[in-house]
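The values are calculated or read from the model by the stated rules, or taken from the named source; none is laboratory data. Bear in mind the structure is a predicted one, so any value in this text is a computation, not a measurement. All Cβ positions, even for glycine, are placed from backbone atoms using ideal geometry, and neighbour counts span all protein chains on display.
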């Protein structure tokens, strides 16, 4: 049985925040696609919000724009829109990888980028790609707006920096240079409709000979209480040749930063076995996109 709740459909960001503020004494929740919220309503009715504030009727709430060297994506944009976007597919390939692997087509048609990020689950598919691409979160506050590096957005499982009626409006991603290649891979028990047992995202900058790592950003999902950046793997691989041995070691270094846990989906031990493999696959996938033939 669903718990009874009040449902509001504001037509502006300001109205949505005002409704949230007016219901500060009741559990109130913003909702866009609702793929996470509605599941919780069914599974945990006693812990569910009593007020839902839909963001679907806000004009110009979706959009993907590349301008001034930065890609701005409204967080109300659906995952399917990300998947179908030519600029995301061509220039922000790790994010396209994540979007095309999230749920099913039916889910992607409804689920939004903001919902995936604001759920703040360690398994959120878009989080690791956005971390390696050094995205910023654009947040509406009571008085104006602010930007927060996505690396500072997640504070714990299901938790983030949003306060009171604050609302995640967009993410902004610097456009990568032509010598930078990105990728995201995840591992699950099925090919579709699967939450990642573990995942890895990479942003790799190659030297002119395409044999040495000039720079790298590497992030993991479902490997710690929050999506995380592996500083050990990055520090190890920068300046080194991309040999099989060095790539293997980078995976082992990433494992040192991880703190996987047991869950009903799998064990921490299994995740520890999978993480180095996914890091290797993500690096090799980025290298292939850079024109490097992997042996």
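So in the range 101-120, with the set limited to residues that are part of a loop (DSSP other than H, G, I, E, B) and touching a residue at least 60 places away in the same chain (Cβ under 8 Å), which one is surrounded by the most Cβ atoms within 10 Å (Cβ to Cβ)?
By that ranking, first place goes to 111.
Here is a yes/no grid of residues against (1) at pLDDT below 90; (2) surrounded by fewer than 19 Cβ atoms within 10 Å (Cβ to Cβ):
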{"position": "50", "(1), (2)": "yes, yes"}
{"position": "70", "(1), (2)": "no, yes"}
{"position": "90", "(1), (2)": "no, yes"}
{"position": "95", "(1), (2)": "no, no"}
{"position": "99", "(1), (2)": "no, no"}
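If I go through the range 236-256 residue by residue, how many of them are buried (at least 19 other Cβ atoms within 10 Å of the Cβ) and either within 20 Å of the chain's Cα centre (by Cα) or closer than 15 Å to residue 198 by Cα (or both)?
Counting residues in the range 236-256 that are buried (at least 19 other Cβ atoms within 10 Å of the Cβ) and either within 20 Å of the chain's Cα centre (by Cα) or closer than 15 Å to residue 198 by Cα (or both) gives 3.
Within the range 278-289, identify whether any single residue is without any contact (Cβ under 8 Å) to a residue 40 or more places away in the chain and loosely packed, with under 15 Cβ neighbours inside 10 Å, and answer yes or no.
yes
Looking at the range 135-160, which of the residues that are in a loop (DSSP other than H, G, I, E, B) and in contact with a strand residue (DSSP E or B) (Cβ under 6 Å, 6 or more places away or on another chain) is farthest from residue 96 (Cα to Cα)? Working first, answer last.
The initial filter retains those residues of the range 135-160 that are in a loop (DSSP other than H, G, I, E, B), namely 135, 141-144, 153, 157-158.
The next check asks that each one be in contact with a strand residue (DSSP E or B) (Cβ under 6 Å, 6 or more places away or on another chain); those that pass are 135, 153.
Values: 135: 15, 153: 21 Å.
Among those that are in a loop (DSSP other than H, G, I, E, B) and in contact with a strand residue (DSSP E or B) (Cβ under 6 Å, 6 or more places away or on another chain), it is 153.
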